[in-house]
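What follows draws every value from the coordinates through simple rules; no lab data is involved. Note that this is a predicted model, so its numbers are computed, not measured. Cβ placement follows ideal geometry from the backbone for every residue including glycine, while neighbour counts extend to all protein chains displayed.
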Amino acid sequence: MSRFFVLSLNGLTQGAIYAAMALALVMIWRATQVINFAQGAMAMFTTYLALFAIDHGVPYWLAFLVALSSGLILGAIVERVIVRPVESAPPLNVVILTLGLLLFLEALAPMLFGGQIRSFPPAFSIVGLHFGNSQVAFSPFDAFTLGSVLAVMVLLLVLFQKTDLGLRMRAAAFNPDVSRLLGIRVGRMLTLGWSLASLVGALAGVLIAPSLLLYPTFMDQVLVFGFTGAVLGGLDSAVGAVVGGLLMGFALSYVGGYLGSDLETVGALVILIAVLMVRPRGLFSRHRLRQA
Amino acid sequence: MLEVVDLTVAYGPVVALHGVSLTVQDASITAVLGANGAGKTTLVRTISGLVRPRAGSVRLDGRELIRLPPEEIARLGIAHVPQGQGVLAELTVDENLRLGGLWRRDRKAQRGALDETYELFPPLAGRRHLTAFSLSGGERQMLSVGRALVARPRLLLLDEPSLGLARRALVQIMGRIKALVTERGLTVLLIEQNAKSALSVADDAIVLHLGNVVAHGPAQKLADEEGLRHAYLGF
């Protein structure tokens, strides 16, 4: 029982990060119908920038902001420079470009920051909390991870559902042509969508770096698990991405804990296949509705 | 005043408009008539910037619109109600309507315009918070037109508003638009296949045939020309 509890807590924290990654992928998918395979590499790069700042004596929280704001900027640059020029080309073009960007960033990072594995400081202690005289496997940093992912999701929800800007962004994603006729500057909305998604990815990077350690390909598996979560959720549903990401966190934690950690990746694949066999559109997709 | 001069539009080798010229006077309704494939929709899509012409010019009060992107043209006060699928089915009725006027700065006036639209189209008011997906074809058309009016446009481009609308709803919409023409000086370019009903509300009309203007003049005069009616208008 206590083992199950420990694994669940661990799954929740990991799941929050996969959920953030899945959400980043879904935001971009909804805005531009692109799977951004460079999402993980972009987060890796912004995490390195934060570490670079810390190495140069910048306090942790400022470095945290460096990661998030460089995420915002990097997302905008990628959309403007890489995605926009092939906007009207076949979708495969942009997929190949994001794969290229992935390789580029993973090659560039060791040139700029060195290729050795680095440790990344957590914002808070990673020692489990004490309740009475028993210690649980849930640290202040885990709480911070959960809290910050939750906060970002709530902020995004408010932005998209309650503000005029969010309404514009949703309209631009659903139907660019009609949106243009309504005076919406669709290009800016798409850039902003990539920016925000990349910010969410950057957050995932800084949050998971303390436990995974930082090296140029450290986000690859997070991307794979986040992507699996996004597909589980249906790819075009933000709620689905969050639920899918959390499910991945729990499932991988149980697989790793009960069956051995080398089975985690296989476990992810098995879950994906199982769910897609039962619900090919994912758990939360409104695809059927949108086709009509 | 909207001036279209020598507009030529081609999709690859297929020429849709051959040097079309027309003038739409302020505070008037001009009907564009013609059969399927005459180039009517291409004409409005070019005016609103969705289609790039090969040659020619489109000017609103002397300002050249060609080469402006659609969103900037919309922000000059040109509202285009596209044929059929103009509503954002994933968004609610209220969100669709709000989108119409988001580019405007006058928030208070926008609120008023929204209320006005709900008064004009009671079926929409009842479905305010449902997604537009749940609307019938006629209700979607109301939403499309209502959303364009929320922007308080100077120039309204209506592409087949009668499509899917019940006769009564159409009469109501056109009545409202006529009132806006006289009260607020709205200018309307009305695309219609149903020539008879369009000529009954329009001040002027042009007839397109295979991308050429074959007739233009006061609506009443065109309606009285029997040869023209038989040849192009089908009534």
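Taking other Cβ atoms within 10 Å as a rough exposure proxy, B:11, A:48 sort from fewest to most as B:11, A:48. Under a 5 Å amide H cut-off, with hydrogens placed 1.01 Å from N, residue A:139 pairs with A:129 among residues at least 5 apart or on other chains. Ranking B:170, B:198, B:88 by Cα position along the charge dipole of chain B, where only Lys, Arg, Asp and Glu carry charges on their C-beta atoms, puts B:88 farthest toward the positive end. Once both labels are positioned 7 Å from their Cα atoms along Cα-to-Cβ, the gap between residue A:3 and residue A:125 label points is 2.8 nm. What's the local net charge at residue B:94, with K and R +1, D and E -1, over the other residues with C-beta under 12 Å away? My count for the surroundings of residue B:94 gives +3. In order along region B:169-180, the phi-based Karplus estimate (6.51 cos²θ - 1.76 cosθ + 1.60, θ = phi - 60°) of 3J(HN,Hα) comes to 5, 5, 4, 5, 4, 5, x, 5, 5, 4, 4, 5 Hz; Gly and Pro are listed as x. Ranking of A:111, A:248 by neighbouring Cβ atoms within 10 Å, starting from the fewest: A:111, A:248.
In the protein assembly as shown, helices alone account for a calculated mean residue ellipticity at 222 nm of -18000 deg cm²/dmol, with every DSSP H run of four or more residues adding -39,500 (n - 2.57).
The HN-Hα couplings worked out from phi for region A:70-83 by the Karplus form 6.51 cos²θ - 1.76 cosθ + 1.60 (θ = phi - 60°) are 5, x, 4, 5, 4, x, 5, 4, 4, 5, 5, 8, 9, 7 Hz, whole numbers, x standing for Gly and Pro. Summing charges over all other residues whose Cβ lies under 12 Å from the Cβ of residue A:48, with Lys and Arg as +1 and Asp and Glu as -1, gives -1.
Legend: calculated FRET efficiency, residue A:69 to residue B:224, from the Cβ-Cβ distance at R0 = 56 Å, rounded to 0.05, equals 0.20. Farthest toward the dipole's positive end in the protein assembly as shown, which of A:160, A:28, B:33, given Cβ charges of +1 (Lys, Arg) and -1 (Asp, Glu) about the Cα centre? Of the listed residues, the answer is B:33.
With r defined as the distance between the Cβ atoms of residue A:136 and residue B:105 and R0 fixed at 51 Å, what FRET efficiency is calculated, to the nearest 0.05? Write down the numbers at each step before the final one.
Numbers: r = 54 Å, r/R0 = 1.06.
Between residue A:136 and residue B:105 the formula returns 0.40.
Could you compute the FRET efficiency for residue A:266 and residue B:136, with r as their C-beta to C-beta distance and R0 at 45 Å, rounded to 0.05? Given R0 = 45 Å and the Cβ-Cβ separation, E is 0.35. When only the Cβ of Lys, Arg, Asp and Glu is charged (+1, +1, -1, -1), the dipole of the protein assembly as shown relative to its Cα centre reaches about 680 debye. Put a plus charge on the Cβ of each Lys and Arg, a minus charge on the Cβ of each Asp and Glu, and nothing anywhere else: the dipole of chain B about its Cα centre is then about 540 debye. Picking from A:110, A:92, A:39, whose Cα lies most toward the positive end of the charge dipole for region A:20-153 (charges on Cβ: Lys, Arg +1; Asp, Glu -1)? It is A:92. Dipole size of chain A about its Cα centre, with +1 on Lys/Arg Cβ and -1 on Asp/Glu Cβ: approximately 940 debye, rounded to the nearest 20. Here the 3J(HN,Hα) profile of region B:113-127, calculated from phi with Karplus coefficients 6.51, -1.76 and 1.60 at θ = phi - 60°, is 5, 5, 4, 4, 5, 5, 5, 5, 10, x, x, 6, 4, x, 10 Hz, Gly and Pro shown as x. For region B:95-235, what is the percent of antiparallel DSSP beta bridges, rounded to the nearest 5? Antiparallel bridges make up about 55 percent of those DSSP assigns within region B:95-235.
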